[in-house]
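Heads up, the thing below is written out as structure tokens.
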Amino acid sequence: MEALKEGEKQAVEACLNMLKEEGMAEDNQVFWHEPVFTADAQQEALTGKLSPDQVLVKNLFLKEKKSSQLYLVVLRSDTKAELKTLASELGTKAGNLRFASDDVLKQVLNVDKGEVTPLALMNDVDRKVVPVFEKCLEGVQAIVVHPMTNSASISISMAKLEVLLKKWTYEARYVDMSL
């Protein structure tokens, strides 16, 4: 693995410090890897490193076509992202969801493409984003996400993440993607 850039290391340290300040750092495990831009690449980088109770996820930053409503959708890495199913579960019209622009991603969550994570919701100062989780993630021991950079992954307890989201005034929403 090539040497980490200073900003990547700082991003992970800031994320870990935030979790520590929130009293949620004791069970987190950090996995360093080359920068990855897709869930498939992340899966490959983490092959053989995750325990059975750690679920790798992918994150989609979506926008409703004709409104400013934003969603951060967290799915198992092996779930096919069916936007029609997701739109139905969210109560919007089929074809009404699209990926938000890179500019909106940077402005609202302060991360770049390939670094999307539910932990970036701490940067959503105006609480514009609705966090949405795949129903099968409810109650899992831990999910594995990026800690604000795509050159590392971190495991976090799903229960602790829900507590953290509530502290940030979010209510986790769960959707059934198996329809």
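For the reader, a short list of remarks on this structure follows.
- The residue that is farthest from Leu72 (Cα to Cα), counting only those in segment 114-132 that are open to solvent by 30 Å² or more (accessible area, probe 1.4 Å) and of a type in the set (Val, Ile, Thr), is Val125.
- The condition of being part of a loop (DSSP other than H, G, I, E, B), without any contact (Cβ under 8 Å) to a residue 60 or more places away in the chain and surrounded by 13 or more Cβ atoms within 10 Å (Cβ to Cβ) holds for Val111.
- Of all residues assigned to segment 51-65, at least one qualifies as being among the aromatic types (Phe, Trp, Tyr) and under 21 Å from Phe133 (Cα atoms).
- Evaluation of Asp102 against the conditions (1) exposed (fewer than 15 other Cβ atoms within 10 Å of the Cβ); (2) modelled with pLDDT of 90 or more; (3) over 14 Å from Asn59 (Cβ atoms); (4) touching a strand residue (DSSP E or B) at 6+ places or on another chain (Cβ under 9 Å) shows that the sole unmet condition is (4).
- When residues of segment 31-45 are limited to those that are open to solvent by 30 Å² or more (accessible area, probe 1.4 Å) and aromatic (Phe, Trp, Tyr), the one nearest to Arg76 (Cα to Cα): Phe37
- Checked against (1) touching a helix residue (DSSP H, G or I) at 6+ places or on another chain (Cβ under 6 Å); (2) open to solvent by 10 Å² or more (accessible area, probe 1.4 Å), Lys135 passes all but a single condition, namely (1).
- For segment 20-73, taking the residues that are of a type in the set (Phe, Trp, Tyr) and closer than 24 Å to Asp126 by Cα, the one that is farthest from the chain's Cα centre (by Cα) is identified as Tyr71.
- In the set (1) more than 26 Å from Asp53 (Cβ to Cβ); (2) open to solvent by less than 30 Å² (accessible area, probe 1.4 Å), the condition left unmet by Val145 is number (1).
The values are calculated or read from the model by the stated rules, or taken from the named source; none is laboratory data. Since this is a predicted model, take the numbers as computed values, not measurements. Neighbour counts are summed over all protein chains in view; Cβ atoms, including those assigned to glycine, are modelled from backbone coordinates with ideal geometry. Surface areas here come from the heavy atoms of the whole protein model, side chains and all, with no ligands, DNA or RNA. Shrake-Rupley method; radii C 1.70, N 1.55, O 1.52, S 1.80 Å.
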